[in-house]
Amino acid sequence: QVQLVESGGGSVQAGDSLRLSCTASGLVFKNYVMGWFRSVPRKEREFVSAITGPSSSRYYTDSVRGRFTISRENDKNTVYLQMNDLKPEDTAVYYCGAARGGGVSFGDYRSWGQGTQVTVSS
């Protein structure tokens, strides 16, 4: 079985930074696109960012581009999301996912972590 475990969430003030981590097991990590989605109550899970395997091509949703940076360390089976200049609108549960291809669409992902809460106060 594939397991993804997120960490690094918390409660911060607007303008602060957080770094999320997601460690994977049960898969050949380098062969997967890794992504971050976020969700709030009564809303669909929203794409945030994704990074491909060997080439490390990066993708971001418009609302976080320039503030968030995704990266990965394949030898550690870990993907990161560095979040700078956080805004109250970033408040959500953040989920890590693994996809064999694609990476921008929810349906691309085969496995998900349990999520980590990020709360940004004004």
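The values are calculated or read from the model by the stated rules, or taken from the named source; none is laboratory data. It should be emphasised that the depicted structure is a prediction, and the values quoted were computed from it without experimental measurement. When we count neighbours, we look across all protein chains shown, and the Cβ atoms used for this are built from the backbone with ideal geometry, even at glycine. Side chains included, ligands, DNA and RNA excluded: accessible areas come from the protein's heavy atoms. Shrake-Rupley method; radii C 1.70, N 1.55, O 1.52, S 1.80 Å.
Annotations for the structure displayed:
- Extension gain, Gln13 to Ser71: 0.36 nm times the residue separation minus the Cα-Cα distance gives 18.5 nm.
- Annotation for Glu89 and Val40: the two label points, set 7 Å from Cα along the Cα-Cβ direction, are 0.9 nm apart.
- Carbon plus sulfur fraction of accessible area for region 47-109, probe 1.4 Å, in percent: 46
- Cβ-defined net charge surrounding Gly115, 11 Å radius [Lys, Arg +1; Asp, Glu -1]: +1
- Accessible solvent surface per residue of the chain, calculated while the other protein chains remain in place, 1.4 angstrom probe, Å²: 51
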